[in-house]
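Coordinate-derived values only; no laboratory data. Predicted model, so just to flag it, every value in this text is computed and none were measured.
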Amino acid sequence: MDQRIVGYHLDEENHWVAELECGHFQHVRHDPPWQNRPWVATDAGRKAMLGHRLACKKCDAGAPPDSC
């Protein structure tokens, strides 16, 4: 199920995590060639992606919301 990005935070390893409108979290790494997300590397890039939809596998699985 696609969910909008509403915020971000860094995890304990300093990797960016998107906070989705459904309450789930999803890592958004720029790790070529596996994941090509150069927008993650800058504050402006992350702000520009607020509202963008990501596929939430946790919603598909019926998982409860995440917590920090």
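Points to keep in mind about this one:
- Taking one quarter of the surface of the convex hull spanned by the alpha-carbon atoms of the chain gives a direction-averaged projected area of 4.6 nm².
- Near the amide H of Y8, within less than 5 Å, lie the amide hydrogens of E19, all on another chain or at least 5 residues away, with H placed in the peptide plane.
- One decimal place: the segment E21-K47 gains 7.8 nm when fully extended, by the rule 0.36 nm per residue minus the C-alpha distance.
- Inter-part distance where the stretch 6-39 and the stretch 52-68 are each reduced to a Cα centre, Å: 13
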